[in-house]
Amino acid sequence: MSQFQPFRLLLAASLLAFTAILGSLLSGSVDLSFSDLMSYVLGDLPDLQRQVFEDIRLPRTLAAFVTGAALALAGVLMQVLLRNPLADPYILGLSGGAAVGALASIMLGLGGWWLSSTAFVGALISVGVVFGIASRAGSWSTTHLLLTGVVVSAGWGALINLMLSTSASASVQGMLFWLMGDLSQSSVGPAQIGVLVVGAALAMRAARSLNVLVRGDLVAASLGVDIKRLRLSLFFGASLLTVIAVTTAGSVGFVGLVVPHMLRLIGARDHRVLIPFSLLTGGTFLVVADTLARTLLAPQQLPVGVITALIGVPSFIAILRSTPSK
């Protein structure tokens, strides 16, 4: 494999992100061109097309990018916390708690603000349960956290199955769309963007410590890293980013798992490079997936999680096959 070149790849990732965002803004059931986009910037676009940009395309594209970036960054942090390159943001049961909250809202015929709020509360309950169990045991070992996550996820999964089996048929489709990831009604505000920016800044500040922690607790302790404090920061940081992503777009799979691991496989192992690279690639990946979800079978829309899986699985397998074993 050729030598890894961080600057060139980060530049390429930035250009791909710009291209993906541009393609998302111009793609859809209403034909829009690049000249229309320039007219919008200059304030000369007709009202109908302006409404399409402002009320539909721009909020959805921004939501997709922020969600993808948040999931990718959460995946990086969770993989360091559990010292497992195949960990993902949902491994500790956060998506299950959010799903129970969201499905309860759908069952009651609530939507919009209520759906996001109940999903947020459910995810926070899941964070509290995992943290409480780990703290009571006095152990933050990777094995203990993983076992806690498996048990909590199983419990949420049982509740989800119960809710699906007892819900009215008219509600089930909406529930399934949420469980597979859906950006059709999504938007992000200053709070979500602020969490992502602050999380990325703090992660970059701790990048050297993350590089040390992945080498083991003894090495990290010998170099002066406060392991317990760093692990708590990773847990709550990854959890908050995941909560933001899940309440925005539902349970979108594969982004937090595939993106960081693929980048490591092609050489981005230094977290000072991996973190910004993951943000750009994760955001781009979900923007592309969402564009395909709403255009492949237009006017019918697919759950974006289906597209992330269809893209992520073969891409992941291809990179694994092309990477020499060590």
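The values are calculated or read from the model by the stated rules, or taken from the named source; none is laboratory data. On a predicted model such as this, the values are computed, not experimentally measured, just so you know. Every residue, glycine among them, receives a Cβ derived from its backbone with ideal geometry; neighbour counts consider all protein chains shown.
Here is how the numbers come out for the structure above:
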{"item": "Residue in the stretch 275-287 that is under 23 Å from G174 (Cα atoms) and surrounded by 16 or more Cβ atoms within 10 Å (Cβ to Cβ) present", "result": "yes"}
{"item": "Selection within the stretch 11-62 - surrounded by fewer than 17 Cβ atoms within 10 Å (Cβ to Cβ), modelled with pLDDT of 90 or more and not aliphatic (A, V, I, L, M)", "result": "S14, F18, T19, G23"}
{"item": "Segments classed as helices (runs of 4 or more DSSP H), wholly inside the stretch 1-114, with at least 1 members that are touching a Leu at 6+ places or on another chain (Cβ under 9 Å) and among the acidic types (D, E)", "result": "34-42"}
{"item": "Qualifying positions in the stretch 105-114 - buried (at least 20 other Cβ atoms within 10 Å of the Cβ) and touching a residue at least 40 places away in the same chain (Cβ under 8 Å)", "result": "I106"}
{"item": "Residue list for the stretch 115-141, filter: touching a Leu at 6+ places or on another chain (Cβ under 8 Å) and either within 20 Å of A191 (Cα to Cα) or loosely packed, with under 15 Cβ neighbours inside 10 Å (or both)", "result": "T118, A123, V127"}
{"item": "Residues of the stretch 267-278 that turn out to be outside any helix (DSSP H, G or I) and touching a helix residue (DSSP H, G or I) at 6+ places or on another chain (Cβ under 7 Å), as a count", "result": "2"}
{"item": "Neighbours by Cβ (under 8 Å, 6+ apart or cross-chain): first from the stretch 8-24, under 15 Å from I275 (Cα atoms) and of a type in the set (S, T, N, Q); second assigned to a helix (DSSP H, G or I) and modelled with pLDDT of 90 or more", "result": "S14/L280"}
{"item": "Subset of the stretch 105-123 [touching a Gly at 6+ places or on another chain (Cβ under 8 Å) and aliphatic (A, V, I, L, M)]", "result": "I106, A119, V121, A123"}
{"item": "Of all residues in the stretch 283-326 being over 29 Å from V197 (Cβ atoms) and of a type in the set (G, A, S), the one that is modelled with the lowest pLDDT", "result": "S325"}
{"item": "Subset of the stretch 189-236 that is at pLDDT 90 or above and β-branched (V, I, T) - its residue that is surrounded by the fewest Cβ atoms within 10 Å (Cβ to Cβ)", "result": "V198"}
